[in-house]
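*Asks:* Below you'll find the structure I mean.
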Amino acid sequence: RFISVDAGHSVEHTVSDLHLANRLVSNEGVVILDDFFHCHWPEVTEGVGRFLDSNPTLVPFAMGYNKLFLSKLGWQHRYFEEFMSMPLRSKIVTLYGHKVVVLGSH
């Protein structure tokens with residue numbers, strides 16, 4: 001139900017880790033990717049883009065605090081709505097075609 005990805009920081013490692021998480025996580029599960037948008041690891045952000053370009057069933061629903069939160073496509077809206085109600089929400093953005101809650105201070 002829950003997978004935390006904090007491993008290799010290359011494009012290839014990120015893509016591979018996300019494809020593995022996509023296969024392993026349950027339908028209602030959540031994957032949290034570390035170092036998304038980290039200035040020292042731009043390859044992680046590039047890897048996420050390449051992964052999402054492959055039309056996976058794992059998509060983002062929130063980001064913040066150096067993390068990207070992903071769920072299966074069928075659960076994305078539910079988690080998005082849950083995170084929308086959090087007081088830590090600062091704004092809504094579109095990331096790779098998906099509405100994403102940005103977590104952080106206002």
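*Asks:* Specify which of the listed residues (26, 90, 85) is within 16 Å of residue 4 (Cβ to Cβ) and of a type in the set (Ser, Thr, Tyr).
*Replies:* The conditions single out 26.
For (1) in a helix (DSSP H, G or I); (2) without any contact (Cβ under 8 Å) to a residue 24 or more places away in the chain; (3) within 19 Å of residue 100 (Cβ to Cβ), each residue gets a yes or a no:
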residue: 12; (1), (2), (3): yes, no, no
residue: 38; (1), (2), (3): no, no, yes
residue: 50; (1), (2), (3): yes, no, yes
residue: 68; (1), (2), (3): no, no, yes
residue: 76; (1), (2), (3): yes, yes, yes
residue: 82; (1), (2), (3): yes, yes, yes
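*Asks:* Still on this structure, please answer the following. Looking for whichever is touching a Gly at 6+ places or on another chain (Cβ under 6 Å) and more than 19 Å from residue 3 (Cβ to Cβ) here; the options are 104, 97, 49. Which one fits?
*Replies:* 104
*Asks:* Okay, moving on. Quick one: would you say residue 31 is under 19 Å from residue 92 (Cα atoms), of a type in the set (Val, Ile, Thr) and surrounded by 20 or more Cβ atoms within 10 Å (Cβ to Cβ)?
*Replies:* When the stated conditions are applied, residue 31 does not pass them.
*Asks:* Being open to solvent by 70 Å² or more (accessible area, probe 1.4 Å), of a type in the set (Phe, Trp, Tyr) and in contact with a strand residue (DSSP E or B) (Cβ under 8 Å, 6 or more places away or on another chain) is the filter here; which residues of region 34-73 pass it?
*Replies:* 37, 65
*Asks:* Checking the conditions here, which among 46, 12 is acidic (Asp, Glu), touching a helix residue (DSSP H, G or I) at 6+ places or on another chain (Cβ under 7 Å) and modelled with pLDDT of 95 or more?
*Replies:* From the options 46, 12, the qualifying one is 46.
*Asks:* Then there's this: Give the residues of region 60-91 that are touching a helix residue (DSSP H, G or I) at 6+ places or on another chain (Cβ under 8 Å) and at pLDDT 95 or above, sorted by residue number.
*Replies:* 60, 61, 62, 68, 69, 70, 71
*Asks:* Examine region 94-104 for a residue that is surrounded by fewer than 12 Cβ atoms within 10 Å (Cβ to Cβ), at pLDDT 95 or above, of a type in the set (S, T, N, Q) and not in a helix (DSSP H, G or I), and state whether such a residue exists.
*Replies:* yes
*Asks:* Now a separate question. Collect the residues in region 14-36 that are of a type in the set (Ser, Thr, Tyr) and either within 14 Å of residue 69 (Cα to Cα) or not in a loop (DSSP other than H, G, I, E, B) (or both), keeping them in residue-number order.
*Replies:* Correct list: 14, 16.
The values are calculated or read from the model by the stated rules, or taken from the named source; none is laboratory data. Here the structure is a predicted model, which means the values were calculated and not measured. Cβ: placed from backbone, ideal geometry, glycine included. Neighbour counts: every protein chain shown. These accessible areas exclude ligands, DNA and RNA; they are computed on the full protein's heavy atoms, side chains included. Shrake-Rupley method; radii C 1.70, N 1.55, O 1.52, S 1.80 Å.
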